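Trainee: Structure below; questions to follow.
The values are calculated or read from the model by the stated rules, or taken from the named source; none is laboratory data. These numbers were taken from a predicted model, which means no experiment stands behind them. Heads up: the accessible areas ignore ligands, DNA and RNA and are worked out on the full protein's heavy atoms, side chains in. Shrake-Rupley method; radii C 1.70, N 1.55, O 1.52, S 1.80 Å.
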Amino acid sequence: MPIVEVLTPPSLNSRLETTARRYATRLAVQDETRALTFAEFSDEVGTLAERLQLVIEPGDHVAVQLPRGLDYIVAAYAIWQAGGVYLPLDDQWPSSRIEGILQRSHVRVLIHASQAGHGMALTELAAEPRAELPAAGTPAYIIHTSGTTGEPKGVVVSHESLLHLVDSHQRDIYQVNGVTEGPVVINASFCFDSALERMALVALGYSVQVVSDRVRKSPHELVSYLRDNQIVNVDLVPSHLKVLLSAGLNQKCNALRLVIVGGEAIDAELWRELAANEAVYINVYGPTENTINTSFCEIRGETPHIGRPFENVACLILDEGGQRCPPGEDGELLVTGRHLALGYYNAPALTSRAFVNLEGVRYYRTGDRVRQNEQGNLLFLGRIDDQVKINGFRIELADVQNNLAQLPGVQYAAVTPIKLPSGQGLLASVVRHADTAGQTLASLETLLG
């Protein structure tokens with residue numbers, strides 16, 4: 001009988017294996033409660049992967065709902081090693097949102113904190129058979145973004161796209177700025193796709209530290225943390241960066257050499273402040289549907305822009321009539337190439353509207369309005385729809401409005417974006433039923449989650 005070789009899809013795990021052998025005693029991951037060397041981290045990943053292999057098949061969806069900490073990183077690598085697809089959940093989300101995602105995403109296993117309070121527990125779920133994916137590739141993770149129907153959209157991204165993003169960042173951002181190792185932090189939520197880029201740094205030999213919720217929500221405590229732990233690289237959304245600069249980020253964090261800024265548009269005032277700084281600030285742009293980041297640039301000069309696409313990533317600007325825009329004219333940005341997501345999980349109609357074929361090439365319609373300047377850089381000009389970004393999270397106004405309208409006692413609801421001193425915000429207005437006069441706005445906010 002001939003021997004059939006089973007080919008494992010490329011993933012970060014093979015790189016982690018090499019790194020763990022090379023730097024066995026180096027700090028790999030750390031949070032506020034514990035720290036693991038590369039050898040210890042690799043062992044924990046392997047142990048959890050063995051447990052998962054007993055209950056999942058290759059391609060099964062595995063959700064992770066844990067208190068914020070390094071266990072999320074262990075779980076992601078273990079899921080990949082076991083052949084599963086990583087799906088992060090936020091422990092602070094309303095239970096209805098979590099239950100809806102588990103059901104719609106056909107999650108096979110949920111990883112959660114054990115009742116004893118130590119370690120991770122696995123719960124098998126009665127999931128329906130997985131839906132077919134709209135494009136070829138080996139799924140690595142599913143990240144949920146806001147949807148116009150009131151239900152979150154699950155974006156499926158392949159291992160191939162994630163690896164290309166990681167290699168592009170190394171070549172064009174980290175290596176050219178001399179940041180090839182050292183302590184870095186995960187500041188974003190694990191349900192925000194930029195956390196995947198940070199988690200990938202473990203496989204490359206960086207020491208990744210998970211900042212606690214308490215610290216990351218206090219500007220002065222976070223600046224002190226970055227200073228005391230000699231952090232060399234951090235990623236921040238512009239609204240968060242502003243308050244950290246006010247708290248002394250540039251003056252106190254001497255080890256900080258590279259700051260990646262993304263998730264929101266940078267205004268002209270902040271851009272000029274960053275351009276005048278000695279530290280290197282890199283502006284990155286990209287929707288979740290194009291694997292975290294599409295384009296990048298070093299923040300220099302007077303005019304904010306989002307730079308140019310990474311290698312093997314292409315951009316197309318179309319006017320309202322679907323024709324290509326020449327440089328200098330505004331239009332909708334479409335993206336294609338090696339970073340393109342596989343589509344939305346279990347949502348074929350939504351996928352077909354957002355991912356389109358033009359002249360035989362598959363593109364994602366970003367909904368972002370841009371213009372290409374004379375230097376070839378892309379200028380971000382806003383949205384062509386009602387989507388907004390708050391603290392780096394994409395929010396569809398219809399999503400919030402639909403969920404408000406479903407709350408008890410609410411007859412009608414309307415939501416509009418507003419500018420606040422801390423950044424973008426939302427203003428919600430509701431019309432109550434006549435028999436719910438005793439209901440307060442605070443109670444509605446609690447129900448909305």
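Trainee: With the full set of protein chains in place, find how many percent of the accessible area of region 32-113 is carbon and sulfur; take the probe as 1.4 Å.
Mentor: 46 percent
Trainee: Subtracting the Cα-Cα distance from 0.36 nm times the residue separation, let me have the gained length for Glu278 to Leu379 in nm, one decimal.
Mentor: 34.0 nm
Trainee: Another question, then. Would you mind estimating how fast region 83-132 diffuses translationally, via Stokes-Einstein at 10 °C and 1.306 mPa s with the Kirkwood radius over Cα pairs, in µm²/s?
Mentor: For these conditions, the coefficient is 132 µm²/s.
Trainee: With θ set to phi - 60°, apply the Karplus curve 6.51 cos²θ - 1.76 cosθ + 1.60 along region 181-187 and write out the HN-Hα couplings as whole Hz, x wherever there is a Gly or Pro.
Mentor: Taking θ as phi minus 60°, the curve returns 6, x, x, 10, 10, 9, 9 Hz for region 181-187.
Trainee: Let me ask you something else. Leaving out ligands, DNA and RNA, what percent of the accessible area of region 221-330 is carbon and sulfur, probe 1.4 Å?
Mentor: 45 percent
Trainee: P(r) tail for region 97-237, what percent of Cα pairs lie past 21 Å?
Mentor: 58 percent
Trainee: Ratio of Rg to Rh for region 280-338, alpha carbon only, Kirkwood?
Mentor: Ratio of gyration radius to Kirkwood radius: 0.99.
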